[in-house]
Amino acid sequence: MELRSWSGEWSNFQGDAVVLFTFEGELDKLPEEVEKLVKPFAEDADFKAKKGEILKVPVLGKPFKRIYLVGLGKREKLSSEVVREVAAKAAKRLRDDKNEKVLFVSDQNLGERALAEGVVLGTYRFDRYKSKKEEEGKKELKQVFVGGADERELLVGKILGEAQNFTRDLVNTPPNEINPETFAEVAKKLAEEYGFEVEVKDPEWVKENMPGLWAVGKGSATKPRFVHLVYRPNKGADKKVAFVGKGLTFDSGGLNIKPEQFMRTMKMDKSGACAVLGIFKALGELKKRGLAPAVEVHGFVGAAENMPDGNAYRPDDVIKMRNGKTVEVANTDAEGRITLGDVLAYASELGPDCIVDMATLTGACVVALGEYTAGIFGNDQEFVNEYLKLSKESGERMWQLPLDDELLREEIKSDVADISNLGKSRYGGAITAAMFLEEFVGEKDGKKIPWIHIDIAGPAWARKPYKWNPQSGGTGFGVRTALYFLLKEDQNS
Ligand code: BES
Ligand code: MN
Ligand code: ZN
């Protein structure tokens, strides 16, 4: 899709449609020429310009075929979040109505980044496995022009949206196609395409060097892989940021096998890992255009499949992890934290300035916050505050949950090993999981590395369309906030 700024007069636009964004209760403020054209239709359809409301009006005698009025809701409630959502819904409608070339017009600056993100995210479709494409014969939305827009911000928004769609594609790809081996291939291909450094460690290496990752994945016919990607800016960097993603290509629960309703959709247990690849996709595209941040970025994924098997790890097993701590396995379905423990330890050894992990870690987090909001935890409140602030700009909902050394730490003590992979009670399950991870975050220069854990078990997957998610499935959650953060870090340094 082409997304560009437009400086001409809207009434001269040669294309399929002109799209006018308007506020609730302000229809009389539309340009006179528009008002004349649309008023009878607006009255007939009782169009109020409520948030996301769309009115299509045929037009004769103009170089375009139709006008769309798109409601932004109340003027005083306008935010980048509203813009992203409304742009997504408008773009999907324009595509479904077979428009190829359109112009967006508004009497005020709507914020080009959110607008572009919305357009790209709202027209996402995953139909690779449909033999007869549902939308066959339909046209694609090919060119979107935006009146008086900042070209750079449009481009950044487009790149972030497309990177998020790349993540969605990976999450949606079924587990008989993406397994630990093919996941590593995807990472390699991405690195090749954009010139990143990449290291893929084979199962033999994992067995020797990441006992936790190995234990979780050894019951699968496709053994675990470890992936390390590096983006280095041309100009050199003062800061080194690490992203870690949970990469369970499928989570059956293992010997503690999940019941039917819970096993379904567990291909999404690789969402954190796919978000890490999405971050690198965005960095690669930004780099091509000289827009990439001057920050060194490392991506780490332990890819594994959790399966029951004669060779699978068991409840009661004790694993001596990469950092020397011993873990008693209480339940093989609490596997994510075991794989992440080793990967966090490895990431720490490289001495990054900070670590962000993203993981579909616990159902408990979804119970606590609902399925639209991620839980965020951290060992450095300033870092958490900064990330939370950026998540408000990106529109990815996050809410902080506490780490609790005083009382809940007790829950993950084990009688036979240093820690257990399960809390003694199920209360506070998202917190005890986060505190388990904290045991594996290392130090740099004698100080704990600032670390954030984002439990994305809820928002990584959409059960139904909402906001800028036009269909059910993987949402690509986590990519945008990470990029907002990296682009900010660049300005700060
Ligand atoms: N991958 C799941 C968590 C999950 C649940 C992600 C729902 C997305 C949606 C994780 O590995 C898991 O199985 N967690 C268990 C932990 C339990 C055994 C302590 C859970 O949440 O039930
Ligand atoms: Mn599990
Ligand atoms: Zn899992």
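Here are the numbers for this structure:
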quantity: Estimated 222 nm signal from helices in the chain, with DSSP H stretches of n ≥ 4 weighted -39500 (n - 2.57), rounded to 500; calculated: -11000 deg cm²/dmol
quantity: Share antiparallel - DSSP beta bridges, the chain, percent rounded to 5; calculated: 40 percent
quantity: Relative contact order for the range 293-431, counting Cα pairs under 8 Å that sit 6 or more residues apart, in percent; calculated: 27 percent
quantity: Average Cα contact separation per residue, the chain, under 8 Å, 6 or more apart, as relative contact order %; calculated: 15 percent
quantity: Length released on extending from K389 to W205, taking residue separation times 0.36 nm less the Cα-Cα span; calculated: 62.3 nm
quantity: Förster radius 60 Å - calculated FRET efficiency between Q14 and K424, Cβ distance, rounded to 0.05; calculated: 0.30
quantity: Ranking of H228, H453 by count of other Cβ atoms within 10 Å, fewest first; calculated: H228, H453
quantity: Ranking of W6, W461 by count of other Cβ atoms within 10 Å, fewest first; calculated: W6, W461
quantity: Mean separation of Cα contacts under 8 Å, 6 or more apart, over the residue count of the range 2-149: relative contact order %; calculated: 33 percent
quantity: Cα gyration tensor, the range 157-492 - rounded (a/c under 1.5), prolate or oblate; calculated: rounded
quantity: Charge tally in the Cβ shell below 15 Å around E197, where Lys, Arg are +1 and Asp, Glu are -1, E197 excluded; calculated: +2
quantity: Sites E76 and V318, calculated FRET efficiency, Cβ-Cβ separation with R0 56 Å, nearest 0.05; calculated: 0.40
quantity: For the range 59-207: rounded, prolate or oblate by the Cα gyration tensor [a/c cutoff 1.5]; calculated: prolate
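Each value in this text was obtained by applying a stated rule to the coordinates, not by laboratory testing. If you're wondering where the values come from, they're calculated on a predicted model, not measured in any experiment. Note that we place each Cβ from the backbone using ideal geometry, even for glycine, and neighbour counts take in every protein chain shown.
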